[in-house]
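First the structure, in the form of structure tokens, and then the observations on it.
Every number here is computed from the coordinates shown, using simple stated rules; none is lab data. Predicted model, so just to flag it, every value in this text is computed and none were measured. Cβ placement follows ideal geometry from the backbone for every residue including glycine, while neighbour counts extend to all protein chains displayed.
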Amino acid sequence: KAGVTQTPRYLIKTRGQQVTLSCSPISGHRSVSWYQQTPGQGLQFLFEYFSETQRNKGNFPGRFSGRQFSNSRSEMNVSTLELGDSALYLCASSLAETDTQYFGPGTRLTVL
Amino acid sequence: SQQGEEDPQALSIQEGENATMNCSYKTSINNLQWYRQNSGRGLVHLILIRSNEREKHSGRLRVTLDTSKKSSSLLITASRAADTASYFCATDLNTDKLIFGTGTRLQVFP
């Protein structure tokens, strides 16, 4: 069974631009969560989707948004990029709530 | 904010030695998970221990959970150079929202 895939793997953007990251969960997994990892703040929860509905949201500004499609694939969008948005963005999928989460390789976003 | 604090922040050992990492958390949990991360790459799930369990084993890994002290420990026995990575504990609060600790950087020298 294929693991969680994330595209693109690396991305360089400039301040003020917007970016969309994509995540394909493990087949059969309906829950997708997103995390941001930075050296200063560590791993922080962004949001979680289940059956196309956002169930949980972390403490991030409204510039960070996401969605989930009927095939469970998910996208996250960051608008009006800031230098501090440079981070590794990780996506994880799980079968159900409180089950083990399996992580993708991440998308490394650099904002110049 | 982070729920978990891990100790030590960094650990250096020789191959063959055991490595012990500790994690403390703040609120009641549903379960606690340990993950490994190699050089800023994705997280690899190691083991999940539920709040009603006290100890769990998986290969060379042994995890304990003490809910009265709100702490967990991960023991890696007979460490190998390939175990060099950062290790994170993560807790959930009955949702899929994982709250990660600060991590322990383990360096295993051949």
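Quick check: anything in the range A:89-97 at the interface with chain B (Cβ under 8 Å from one of its Cβ atoms), charged (D, E, K, R), touching a residue at least 12 places away in the same chain (Cβ under 8 Å) and in a loop (DSSP other than H, G, I, E, B)?
yes
Sort out which residues of the range B:16-30 are over 18 Å from B:Leu106 (Cβ atoms) and crowded, with 20+ Cβ neighbours inside 10 Å, and write them in order of number.
Answer for the range B:16-30, where residues must be over 18 Å from B:Leu106 (Cβ atoms) and crowded, with 20+ Cβ neighbours inside 10 Å: B:Tyr25, B:Ile29.
When the residues of the range B:77-90 are narrowed to those that are more than 15 Å from B:Ile29 (Cβ to Cβ) and under 10 Å from the mean Cα position of the chain (by Cα), which ends up surrounded by the fewest Cβ atoms within 10 Å (Cβ to Cβ)?
B:Ser86
Go through (1) touching a Ser or Thr at 6+ places or on another chain (Cβ under 6 Å); (2) within 14 Å of chain A (Cβ to nearest Cβ) one by one and return the number of the condition B:Trp34 breaks.
The single condition B:Trp34 does not satisfy is (1).
Within the range A:25-76, which residues are touching a residue at least 40 places away in the same chain (Cβ under 8 Å), within 12 Å of A:Ser93 (Cα to Cα) and crowded, with 21+ Cβ neighbours inside 10 Å?
A:Pro25, A:Ser31, A:Val32, A:Ser33, A:Trp34, A:Tyr35, A:Ser72, A:Ser74
Within the range A:50-65, can you find the residues that are part of a strand (DSSP E or B) and of a type in the set (Lys, Arg)?
Within the range A:50-65, A:Arg55, A:Lys57 qualify.
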